[in-house]
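Note sheet for the following structure.
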Amino acid sequence: MSTTEIDRQWTSRLRKRVVGKLPPDKMLPDTQPAYVASWIYVFGVTTMAALFVVIGTGCILALDGPQWWHSSAFGHFINSMHLWSVEIFFFAMVIHLWGKFAMAAWRGGRSLTWVTGAVTFLVSILTGFTGYVSQTNFDSQWIATQAKDGINSTGGGAFFNVLNLGQMLMWHIVLLPIGAVVLTALHVVMVRVKGVVPPFEDNASEVSA
Amino acid sequence: MKKSFRPDVDAPEYKGPYAPYDIIKEGTIAVVVVALLTVALAVVFSSPDEKAITIKTWSNADPVDFAMTAGDELIGSSGVAGYGAPYNNGGPSQSWGFLSPEKWLGVHIPVNTATDFVIDPLKSQPTKPALTAAIDQWTSASASTQSSWAAAYSKVESNITFANDTVTVPSSKVGPIPVLLNYLTEMARSGALDQALVTQNGFYTTNYTKPLLFLSDGAYLGDLATKQHLGGDQWGMMNETGQYPGQAWLWLYTFWYQIPPYNSSASGDFLVWGTMMILTALLILVPFIPGLRSVPRRLKIYRIIWREHYAVQK
């Protein structure tokens, strides 16, 4: 096989492109700019850590079906962990989002990083919501019957029926988590490719846009 | 020609020092800390799990409310009967100017409250002559006859009583309605109606649309929710039973429901969603919106975040 032929392979072209955009020392850096020195930076990794715990506890809940946690003390404990990891996830994510807004983190060709982050936030809200209506308890009955009016008013209720437990559970444990994880992965890769946004110039606030 | 530097779009090139950074160690510590914090919160606060209510619990706890709701489902005056899309053509659709996607998409989850909530479940019961006769009388009656029974029923509906396992409708002009309501209430109190409503799609089902719609038409579900601070005017669906944070991230969505014109408009839900869609689009597209993307630079919160960087520069 000639070198030219290997160079033309889809595999080698993809590898070159990936390694060119994201070399190992960018993907797994051992240094970072000195300006990355604030507690606000902790909330991005906290969000991802919470997502890890959310998915882990969700997988344990999935082992014995959607109603197991009502009758098992261990199941209820795992459900409690699932709930609190979700609360931590959103707490950290919201602070991360407003922190990045304060830094105008879209600067320097990072617009898509911002967009994927914001869309991940929306997908996460939908994931949390479908979880709340899949609890098979009084909360899920009430939240579903209340939420249907808003979704129906947009026409979305014709396809996204919040009163259909099977549909909501599938969205909650399959479709939306895949969306959230893929978007998070894209977001992190973009951060690694472009790096953390540098500070504004010292006189930036006096400069007109 | 060199492109001018736009401070809210472009980022200056960083030529300063770098510091050691162990990304794997950071991630591992974060997972361990969050997991331990989660365990601690779960141990201390647990999680709410108020048992789901059933048509059986509702009809036994408040048989009059159940019978009145069932009567409304039968004569077509309930909330669901007059809901409109996506369930039926019984009511007006929400709109904002010429926009009315609810109407455009039409009926996708057909619900006929008289048939689905009353007649079909009663037909699934073992044959009883009085019940069969009442069903036949209702289904074979002309629309005008049904309307006259419905009109007479509406006048006395608030005077319905329940005693000795019997629903009493104080009127002789309501046709078979009292018989149908009595059998349906009996069926509901035994638990058979719960089963009949969920199994309309066959043996296997995970779709609770019909029993939930029926429950939502009665006062019982809403009263229980209000006692649990879950009412629409109590920041409704973002809360959950007990003293738990619930979906606190929905605060802005729920906020609109507390103020005019959202809480007074017949299209309030659509107005709230329209507002949230616009705000969401603004959030996603901040980097591309002149003026909005300058807000962080004007706010100067970044000077607190990067205070060490600016201190070193000075």
Discussion item. On a straight-distance basis, which lysines could pair with A:Lys16 in a cross-link, Cα separation under 20 angstrom, same-chain partners fewer than 8 positions away excluded?
Written reply: A:Lys26, A:Lys194
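Which value, in Å to one decimal place, does the Kirkwood hydrodynamic radius take for chain A when every pair of different Cα atoms is included?
Details: mean 1/r = 0.0500 Å⁻¹.
One decimal place: 20.0 Å for the Kirkwood radius.
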Discussion item. Along the Cα→Cβ direction, 7 angstrom out, place labels at B:Tyr21 and B:Trp104. What is the inter-label distance in nm?
Written reply: 4.5 nm
Worksheet item: What's the Kirkwood radius of chain B in Å, using all Cα pairs?
Response: 24.9 Å
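Once you wrap a convex hull around the alpha carbon atoms of the protein assembly as shown, what is its projected area averaged over all directions, in nm²?
Details: hull surface 135.9 nm².
Mean projected area of the Cα convex hull: 34.0 nm².
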Worksheet item: When you look at the Cβ of every residue in A:125-136, what mean number of other chain Cβ atoms sits within 10 Å?
Response: 3
Worksheet item: How far, in degrees from 0 to 90, does helix A:111-132 lean away from the longest principal axis of the Cα atoms of chain A, to the nearest 10?
Response: 10 degrees
Item to complete: Add +1 for every Lys or Arg and -1 for every Asp or Glu among the other residues with Cβ under 10 Å from the Cβ of B:Gln200, and state the total.
Response: -1
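Let me check against my output: what whole-number percent is the relative contact order of chain B, with C-alpha pairs under 8 Å and at least 6 apart?
Values: 297 pairs, mean separation 53.1, N = 314.
It comes to 17 percent, rounded to a whole number.
Do any of B:Lys15/B:Lys314; B:Lys173/B:Lys210; A:Lys148/B:Lys103; B:Lys128/B:Lys155; A:Lys100/A:Lys148; B:Lys123/B:Lys210 go past 23 Å between their Cα atoms, and which?
On the way: B:Lys15/B:Lys314 16 Å; B:Lys173/B:Lys210 30 Å; A:Lys148/B:Lys103 15 Å; B:Lys128/B:Lys155 29 Å; A:Lys100/A:Lys148 33 Å; B:Lys123/B:Lys210 17 Å.
B:Lys173/B:Lys210; B:Lys128/B:Lys155; A:Lys100/A:Lys148, as the Cα separations exceed 23 Å there.
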Response to the item:
Highest mean packing first, using Cβ neighbours within 10 angstrom, the peptides B:295-301, A:127-133, A:52-58, B:261-267 sort as A:127-133, A:52-58, B:295-301, B:261-267
Discussion item. Give me the percent relative contact order of segment B:55-227, please, defined on Cα pairs under 8 angstrom at least 6 residues apart.
Written reply: 28 percent
Item to complete: With springs connecting C-alpha atoms under 10 Å apart, model chain A as a Gaussian network and identify which of A:Trp68, A:Trp39, A:Trp98 has the largest mean-square fluctuation.
Response: A:Trp39
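Grab the other residues whose beta carbon is less than 15 angstrom from that of A:Val45, score K and R as +1, D and E as -1, and report the net. Display every interim value, and only then the final one.
Numbers: positive: A:Lys100, A:Arg192, B:Lys25; negative: B:Asp22, B:Glu26.
With Lys, Arg at +1 and Asp, Glu at -1, the neighbours total +1.
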Item to complete: Give the relative contact order (percent, whole number) for segment A:38-196; include only Cα pairs under 8 Å separated by 6+ residues.
Response: 23 percent
Item to complete: Could you tell me how many degrees, from 0 to 90 and to the nearest 10, lie between the Cα long axis of helix B:177-190 and the main elongation axis, the longest principal axis, of the Cα atoms of chain B?
Response: 60 degrees
Practice prompt. Could you compute the FRET efficiency for B:Lys155 and A:Leu122, with r as their C-beta to C-beta distance and R0 at 41 Å, rounded to 0.05?
Written response: 0.25
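Other chains near B:208-220: what is the mean number of their Cβ atoms within 10 Å of each residue's Cβ?
Numbers: counts 10, 8, 1, 2, 11, 3, 0, 3, 8, 1, 0, 0, 0.
Per residue, the number of nearby Cβ atoms from other chains is 4 on average.
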Item to complete: Please identify, among B:Leu213, B:Leu41, B:Leu180, the residue showing maximal mean-square fluctuation in a Gaussian network model of chain B using a 10 angstrom Cα cutoff.
Response: B:Leu41
Worksheet entry | Calculated from backbone phi, Karplus (6.51, -1.76, 1.60) coupling profile of segment A:170-183 in Hz, x at Gly/Pro | 5, 4, 5, 9, 10, 5, 5, x, 4, x, 5, 5, 4, 5
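Please sort A:135-142, B:53-60 by packing, taking for each peptide the average over its residues of neighbouring beta carbons within 10 angstrom, highest first. Walk me through the numbers before you get to the answer.
Numbers: A:135-142: 23.6, B:53-60: 20.6.
Packing proxy ranking, top to bottom: A:135-142, B:53-60.
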Worksheet, complete the sentence: Output ordering of B:148-161, A:147-160 (per-residue mean of other Cβ within 10 Å, highest first) is A:147-160, B:148-161
Worksheet item: Where does the Debye-calculated log10 I(q)/I(0) of segment B:55-227 sit at q = 0.14, 0.20 Å⁻¹, using only Cα point scatterers of equal weight, no solvent?
Response: -0.76, -1.44
Response to the item:
Which of B:Met68, B:Met187, B:Met276 fluctuates most in a GNM of chain B (C-alpha springs under 10 Å)? That residue is B:Met276
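Laboratory data are not the source of any read-out in this text; all were calculated from the coordinates shown. Predicted model only: the values in this text are computed from it and were never measured. Cβ atoms come from the backbone with ideal geometry, glycine included; neighbour counts cover every protein chain shown.
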